[in-house]
Amino acid sequence: MSHLIKGDKAPEFSGINQDSKQIRLSDLRDSKLILYFYPKDFTSGCTVQAENLSENFEFWHSKNYKIVGVSPDSADSHCKFREKHNIPFELIADVDLNIAKAYGVYGPKKMYGREYMGIMRTTFVIGENGVIEDIVKDVKTKEHSQQLVKLLSL
């Protein structure tokens, strides 16, 4: 498992979005990027996080940030999730977990005393130069945009 830190070059990735279109990190370099990893479409925490980022989408756009979500769900699931919750940004289907593993966000988790493998909710802020500017590991789903604003001093 990779342990990326602030200042590292973000791993290049290629994945399929909700429209089955291929998306690469290198295609997103015309702005800063909020790349967030989440466990599963349609679950309560993931829905609240996506809604919070969606509500603040125009703010992020005005600051020249793109938002991209990544989870192990299929492109079809992402398409339905976006439609149901009016999510204005791209979601990448990482069904083989290659992107999550490259970013070090797939690993052992515990819930109700049970250990299992899964996605650790994490957000990476990546500059236009492809360098990681910040990482949020303790994501507050209901106020994620506000958490990022404070972290980035915007």
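The values are calculated or read from the model by the stated rules, or taken from the named source; none is laboratory data. Treat the numbers as computed from the prediction; the structure is a model and nothing was measured. No Cβ is skipped: glycine too gets one built from the backbone with ideal geometry, and neighbour counts run over all protein chains shown.
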Positions within segment 105-117 being buried (at least 18 other Cβ atoms within 10 Å of the Cβ) and either in a strand (DSSP E or B) or out of contact with any Lys or Arg (no Cβ under 9 Å at 6 or more places or on another chain) (or both), in sequence order: Tyr106
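To keep it simple, each residue is scored yes or no on (1) touching a residue at least 24 places away in the same chain (Cβ under 8 Å); (2) over 21 Å from Lys150 (Cα atoms); (3) not small (Gly, Ala, Ser).
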site: Gln18; (1), (2), (3): yes, yes, yes
site: Lys21; (1), (2), (3): no, yes, yes
site: Asp27; (1), (2), (3): no, yes, yes
site: Asp30; (1), (2), (3): yes, yes, yes
site: Leu33; (1), (2), (3): yes, no, yes
site: Gln49; (1), (2), (3): yes, no, yes
site: Ile67; (1), (2), (3): yes, no, yes
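Output the residues belonging to segment 55-97 that are at positive phi and over 16 Å from the mean Cα position of the chain (by Cα). Quick ask: steps written out before the conclusion?
Applying the first criterion (at positive phi) to segment 55-97 yields 64, 86, 97.
Passing the criteria: Asn64, Asn86.
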Unmet requirement for Gln49, which otherwise passes all of (1) under 25 Å from Gly7 (Cα atoms); (2) modelled with pLDDT of 95 or more; (3) touching a helix residue (DSSP H, G or I) at 6+ places or on another chain (Cβ under 7 Å): (1)
Selection from segment 14-45 of residues that are part of a loop (DSSP other than H, G, I, E, B) and either touching a Leu at 6+ places or on another chain (Cβ under 8 Å) or more than 17 Å from Lys63 (Cα to Cα) (or both): Gln18, Asp19, Ser20, Lys21, Tyr38, Pro39, Lys40, Asp41, Phe42, Thr43
Residue selected from segment 52-80 under the condition of a type in the set (S, T, N, Q) and in contact with a helix residue (DSSP H, G or I) (Cβ under 9 Å, 6 or more places away or on another chain), by the criterion nearest to Ile16 (Cα to Cα): Ser71
Residue that is modelled with the highest pLDDT, among those in segment 121-154 that are within 15 Å of Lys6 (Cα to Cα) and assigned to a helix (DSSP H, G or I): Leu148
Residue list for segment 40-68, restricted to those being surrounded by 18 or more Cβ atoms within 10 Å (Cβ to Cβ) and closer than 16 Å to Gly118 by Cβ: Asp41, Cys46, Gln49
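Could you tell me how many of the residues in segment 28-38 are within 10 Å of the chain's Cα centre (by Cα) and either closer than 15 Å to Lys137 by Cα or exposed (fewer than 15 other Cβ atoms within 10 Å of the Cβ) (or both)? Quick ask: steps written out before the conclusion?
Narrowing segment 28-38 to residues within 10 Å of the chain's Cα centre (by Cα): 33-38.
If we keep only those that are either closer than 15 Å to Lys137 by Cα or exposed (fewer than 15 other Cβ atoms within 10 Å of the Cβ) (or both) as well, we get 34-38.
Number satisfying all stated conditions: 5.
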Filter result for the condition that a residue is among the aliphatic types (A, V, I, L, M), at pLDDT 95 or above and in contact with a Leu (Cβ under 7 Å, 6 or more places away or on another chain), over Ile67, Ile87, Ile92: Ile67
